[in-house]
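The values are calculated or read from the model by the stated rules, or taken from the named source; none is laboratory data. Predicted model, so just to flag it, every value in this text is computed and none were measured. Neighbour counts are summed over all protein chains in view; Cβ atoms, including those assigned to glycine, are modelled from backbone coordinates with ideal geometry.
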């Protein structure tokens with residue numbers, strides 16, 4: 001078993017932390033399933049031998065998936081923001097999440113089939129809405145507000161005016 005990082009994001013799942021971790025590892029670079037711990041005894045939402053926790057890494061960030069049962073659900077109060085460099089990369093991540101039972105949302109946000117929120121955010125967008133010219137930033141922001149998946153060409157066109 002790999003050592004546990006000093007600071008780890010713990011994500012609560014019903015019963016499918018291992019499936020989620022394997023999906024993230026297959027979808028994103030610098031991601032892996034590092035260890036699977038089975039429950040040594042029965043617990044409120046499971047029995048001895050069930051997968052209890054999964055240590056995994058998403059884009060270099062250490063995480064622990066906890067199969068805690070149906071009591072708590074993910075919300076948009078927590079999300080992974082994935083910075084992308086191209087439309088192809090943006091499309092690939094967005095389509096992997098949404099196309100695997102997930103759900104599209106607005107402004108680059110989507111939710112995976114386990115309810116975890118993701119922001120698939122091109123760096124072009126981040127630079128555009130931080131542009132020192134307020135009119136340029138406003139145009140890029142207004143364009144973003146009309147989008148689900150971010151369209152880099154449309155953001156660049158809005159930035160140019």
Yes/no for residue 53 being under 16 Å from residue 120 (Cβ atoms) and either touching a residue at least 24 places away in the same chain (Cβ under 8 Å) or not assigned by TED's automatic domain parsing to the domain that holds residue 152 (or both): no
For segment 124-142, give me each residue that is surrounded by fewer than 13 Cβ atoms within 10 Å (Cβ to Cβ) and either touching a strand residue (DSSP E or B) at 6+ places or on another chain (Cβ under 6 Å) or part of a loop (DSSP other than H, G, I, E, B) (or both). 130, 132, 133
Confirm whether residue 20 is at pLDDT 95 or above, out of contact with any strand residue (DSSP E or B) (no Cβ under 7 Å at 6 or more places or on another chain) and outside the structural domain of residue 116 (by TED's automatic domain parsing). no
Pairs, first more than 25 Å from residue 158 (Cβ to Cβ) in segment 107-128, second part of a helix (DSSP H, G or I), C-beta under 6 Å, six or more apart: 112/97; 114/20
State which residue is surrounded by the most Cβ atoms within 10 Å (Cβ to Cβ) when the search covers only segment 98-120 and only residues that are closer than 18 Å to residue 12 by Cα and out of contact with any helix residue (DSSP H, G or I) (no Cβ under 6 Å at 6 or more places or on another chain). 116
Please work out if residue 36 is farther than 30 Å from residue 85 by Cβ, in a strand (DSSP E or B) and more than 13 Å from the chain's Cα centre (by Cα). yes
Could you tell me which numbered condition residue 23 fails, if it satisfies all but one of (1) in contact (Cβ under 8 Å) with a residue 60 or more places away in the chain; (2) assigned to a strand (DSSP E or B)? (2)
Number of the exception - residue 68 against (1) buried (at least 20 other Cβ atoms within 10 Å of the Cβ); (2) within 13 Å of the chain's Cα centre (by Cα): (2)
Here are some conditions: (1) outside the structural domain of residue 111 (by TED's automatic domain parsing); (2) touching a helix residue (DSSP H, G or I) at 6+ places or on another chain (Cβ under 7 Å). Residue 85 meets all but one. Which one does it not meet? (1)
Do we have any residue at all in segment 78-95 that's touching a strand residue (DSSP E or B) at 6+ places or on another chain (Cβ under 6 Å), surrounded by 13 or more Cβ atoms within 10 Å (Cβ to Cβ) and over 19 Å from residue 29 (Cβ atoms)? no
